[in-house]
Structure formats: structure tokens, C-alpha cells
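Note sheet for the following structure.
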Amino acid sequence: MVAEPMQDTHTSISDNTRLSVVVRFHKEERLPFLDEAVFSLAIQDWDDIEVIIVLQNGTDRLKDAVEELIHQQPWPGSPQYKIVSVPIAGGVDGRSTLLNQGIKYSTGRFLAFLDDDDYV
């Protein structure tokens with residue numbers, strides 16, 4: 001018996017809906033790493049990317065620096081982003097809390113996570 005070839009049921013990337021990428025961030029001295037991570041998102045071919053950067057105990061100064069960093073990237077259009085500050089008590093590992101807050105603020109059908117020192 002010869003199997004019939006499978007029909008391509010995949011849709012193109014442009015037919016998909018929004019991809020929300022949650023990035024957790026906690027230290028100003030790590031901005032160069034975050035810059036590379038966000039750059040790697042800005043150059044993707046995906047049509048609709050939303051970036052949610054979740055700051056651990058983010059100050060106004062840190063929020064401003066992150067926002068400036070986002071606007072310096074080569075986005076194909078206007079960047080879709082949110083910057084969320086989450087208070088985490090000292091000595092507490094807030095990684096899961098930050099990711100959960102990022103999920104809370106995401107609007108995409110698809111969800112991905114990226115650490116500040118990762119790139120895609």
C-alpha cells in the first residue's frame with residue numbers, strides 16, 4: 001500500500017496572530033544584554049510581535065532606559081511593547097512571578113519567553 005502525500009495544512013507566518021514574548025529583566029548593568037535580546041526580536045520576520053519586558057523592582061530611570069532601548073531597534077513598523085514593573089522583596093527569587101506577570105499582560109495567541117541574555 002502506498003501512502004498518499006500529506007497535504008500542507010500549515011499557514012504562513014503572515015496568517016498567524018500575535019506572538020507575545022515575555023522578557024524578564026532586573027539590573028541596569030545588564031542593559032547591553034537586553035539590547036541584543038530585543039534587537040534579535042526586532043529583526044524577525046514575524047508580522048505581529050508584542051514584547052513584554054517585566055522589570056524586577058523597576059525604577060523610573062530603568063523604565064526610561066528600557067523604553068529608549070526598544071525605540072532604537074530596527075523594527076519594521078511601530079514596536080508593540082509593554083514595560084511592567086513588579087515589586088519583589090529582597091532575597092526572594094522572583095523569576096516565576098515576573099514570568100507570570102508577563103503572561104498576565106500579554107495579548108498574543110502565541111507566547112514565548114526570552115531571558116535578557118538570550119537572542120533568537
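Residue check: residue 87 meets all listed conditions (1) in contact with a strand residue (DSSP E or B) (Cβ under 8 Å, 6 or more places away or on another chain); (2) closer than 15 Å to residue 26 by Cβ; (3) not small (Gly, Ala, Ser) but one, namely (1). Of all residues in region 65-84, those satisfying the criterion of being at pLDDT below 95 and of a type in the set (Gly, Ala, Ser) are 77, 78. Among the residues of region 64-104, those that are surrounded by fewer than 15 Cβ atoms within 10 Å (Cβ to Cβ) and either in contact with an Asp or Glu (Cβ under 6 Å, 6 or more places away or on another chain) or touching a residue at least 40 places away in the same chain (Cβ under 8 Å) (or both) comprise 95, 103.
Residues to consider are 2, 92, 54; find the one that is of a type outside the set (Phe, Trp, Tyr) and either modelled with pLDDT of 95 or more or touching a Pro at 6+ places or on another chain (Cβ under 9 Å) (or both).
Values: 2 fails: either modelled with pLDDT of 95 or more or touching a Pro at 6+ places or on another chain (Cβ under 9 Å) (or both); 92 fails: either modelled with pLDDT of 95 or more or touching a Pro at 6+ places or on another chain (Cβ under 9 Å) (or both).
So the residue among 2, 92, 54 that is of a type outside the set (Phe, Trp, Tyr) and either modelled with pLDDT of 95 or more or touching a Pro at 6+ places or on another chain (Cβ under 9 Å) (or both) is 54.
Scanning region 105-120 for residues that are surrounded by fewer than 17 Cβ atoms within 10 Å (Cβ to Cβ) and assigned to a loop (DSSP other than H, G, I, E, B) gives 107, 109, 117, 118, 119, 120.
The values are calculated or read from the model by the stated rules, or taken from the named source; none is laboratory data. If you're wondering where the values come from, they're calculated on a predicted model, not measured in any experiment. Please note: Cβ atoms are built from the backbone with ideal geometry, for glycine as well, and neighbour counts cover all protein chains shown.
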